[in-house]
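Okay, so here's the structure we're looking at.
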Amino acid sequence: MFGLHYKWMSSNNFDFRFALAFKKCGPINMRNTPIPTLSCNEPTKYIAYYRVSTQRQGISGLGLEGQKSIVLEFITQTNGILLEEYVEVESGRKTNRVKLAEALKLAKKQKAVLIIAKLDRLARNVHFITGLMASGVDFLACDMPSANKLTIGILACVAEDEADRISQRTKIALKMAKERGVKLGVYGKELARQQKEKAMHHAKSIYGYIEGVRGRGIQSYAKIAAELNAMGIQSYTNGDWHGTSVMRVIKRIESLKSAT
């Protein structure tokens with residue numbers, strides 16, 4: 001007997017579990033095969049990978065919590081198992097993806113699927129795409145579950161072509177601006193000068209508070225920062241004070257005094 005057929009499913013000679021197993025798994029080889037259980041497939045194991053930017057996370061509309069919500073909902077609906085989550089916090093200049101490498105390594109070891117929230121979020125990231133293809137790990141995007149390695153390959157080509165085109169357009173635009181007599185980098189220098197003036201103005205405005213704290217015998221930058229926070233005085237970035245930010249203010253004032 002090599003397998004079950006639909007016409008046998010109503011026969012009293014076979015346990016109902018064989019018929020159910022056939023319906024779920026297809027023909028079953030009966031030679032030295034134990035009676036199948038009601039579940040023939042193990043739940044899919046997933047390794048979640050999230051990528052956020054410290055600068056654009058709030059603007060993008062898909063920050064860390066949004067990505068987690070999408071991934072967890074998908075895994076729950078498909079009765080999968082989430083083994084681990086990796087979060088990559090990166091800036092635009094960062095090219096090495098430490099957390100992605102760790103996620104791919106674990107997925108390969110556990111024979112799990114790398115799952116991401118939205119493919120379009122990473123489709124233009126050449127480093128992500130090439131790293132994923134080279135790893136040989138299976139992946140799944142919640143917004144495009146049917147995407148496969150061919151899809152990723154096409155996206156890699158498109159992303160690389162787009163990057164080349166942007167680079168070419170930038171070079172051409174800079175060349176044309178230079179030919180028109182535009183001095184490149186002037187605006188950046190002016191902006192830096194303005195920021196320096198604002199920082200110095202702020203340092204002058206709060207240096208009296210720092211001197212008052214130091215007058216009470218508190219000399220540690222960290223402790224001075226704690227005192228400024230307790231008084232409700234905001235830092236130059238409108239946030240909390242830290243030892244380094246206190247040090248910068250003191251250095252600015254000292255440099256101003258030494259210059260005069």
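The values are calculated or read from the model by the stated rules, or taken from the named source; none is laboratory data. This one's a predicted model, so the numbers in the text were calculated from it and none came from an experiment. Cβ coordinates were reconstructed from backbone atoms using ideal geometry, including for glycine residues, and neighbour counts include every protein chain displayed.
Being polar (S, T, N, Q) and within 20 Å of Gly136 (Cα to Cα) is the filter; apply it to segment 147-169 and report the residue that is surrounded by the most Cβ atoms within 10 Å (Cβ to Cβ).
The residue in question is Thr151.
Please work out if Arg252 is under 32 Å from the mean Cα position of the chain (by Cα) and of a type outside the set (S, T, N, Q).
No: the conditions fail for Arg252.
Can you name the residue in segment 217-260 that is among the small types (Gly, Ala, Ser) and not in a helix (DSSP H, G or I) and is also surrounded by the most Cβ atoms within 10 Å (Cβ to Cβ) among such residues?
Among them, the one singled out is Ser235.
Please work out which residue is modelled with the highest pLDDT, limiting yourself to segment 122-141 and to residues that are in contact with a strand residue (DSSP E or B) (Cβ under 7 Å, 6 or more places away or on another chain) and over 19 Å from Glu42 (Cα atoms).
Checking each candidate, the answer is Ala141.
Report, by residue number, each residue of segment 234-244 that is hydroxyl-bearing (Ser, Thr, Tyr) and either more than 28 Å from the chain's Cα centre (by Cα) or farther than 16 Å from Lys196 by Cα (or both).
Those that are hydroxyl-bearing (Ser, Thr, Tyr) and either more than 28 Å from the chain's Cα centre (by Cα) or farther than 16 Å from Lys196 by Cα (or both): Ser235, Tyr236, Thr244.
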